[in-house]
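S.K.: Before I ask anything, here is the structure I am working with.
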Amino acid sequence: MKKIKNISIGFLVSFIGSIPLGYLNLVGLEIYSKSGLHNLVFFLFGVIFVETFVIYFTLLFARQLIRNKKLMKVIDFFAVGFMFVLAYLFYFNFNSTTTLNNSLSKYLMYSPFIIGVVLNCFNFLQLPFWTSWNLYLLNGKYITVERKLKYYYIAGTLIGVFLGMFSLIVILQTIFQKTNQFSKYIMPVFIPLFFIVLGSIQVYKVYKKYFKPSALEV
């Protein structure tokens, strides 16, 4: 029963959490549209390869990471800049056909698995995401991590990440194929706007966390 519970909770959290993975989903969409399903699967394997270590170590050291306020503060501030930089890069690339084609040809030369590994190593937002969720699940006793039980939770999360990203990428590709005549107008606006919204949300979180006076101080 505990094994099934661990797998189910891990799957649910990671499936939902994989949807706003930002640029990883967008790169996966580009790989799928340019290179097909086979390369997309290997790209996702690269993503979950890194995710395995992130989830494992944040599960083991969730409480210690949360207490390291300096590290969490650096990550929070970095995440703000990272989102706005991505918004600019995607806007610039989509509005420069030559630059976009050069960028695509550069990264499509490499193994999709390696691309997934490298890009997910720069996905710093996953550290506070998994640290917070793992701490919440541990404190609420929603999961059991004694002995080998933690591996069932990790397995559930990895399946959730893979299926969540895969589903979203295939759905987006289907939508863009059906609206092909509008895609050249939607993509340059939608993607940068997506990152601007994420960056704005992160700005609000940073303000609320570090600058807004608490009720006790007021």
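What follows is calculated from the coordinates using simple rules that are stated; it is not laboratory data. Computed from a predicted structure; not experimentally measured. Positions of Cβ are backbone-derived with ideal geometry, glycine not excepted, and every protein chain shown enters the neighbour counts.
S.K.: Which FRET efficiency value, to the nearest 0.05, is calculated for F211 and L135 with the Förster distance at 22 angstrom and r the Cβ-Cβ distance?
M.R.: Calculated value: 0.40.
S.K.: Can you figure out the FRET efficiency of F53 with L149, using R₀ = 22 Å and their beta-carbon distance, to the nearest 0.05?
M.R.: The calculated FRET efficiency here is 0.70.
S.K.: Tell me, in nm to one decimal, what length is gained between K2 and I171 on full extension, where the rule is 0.36 nm per residue of separation less the Cα-Cα distance?
M.R.: The span from K2 to I171 would gain 57.5 nm if fully extended.
S.K.: If you project the alpha carbons of the range 123-173 onto their three principal axes, what span does each projection cover, largest first, in Å?
M.R.: Here the spans come out as 41, 22, 17 Å, largest first.
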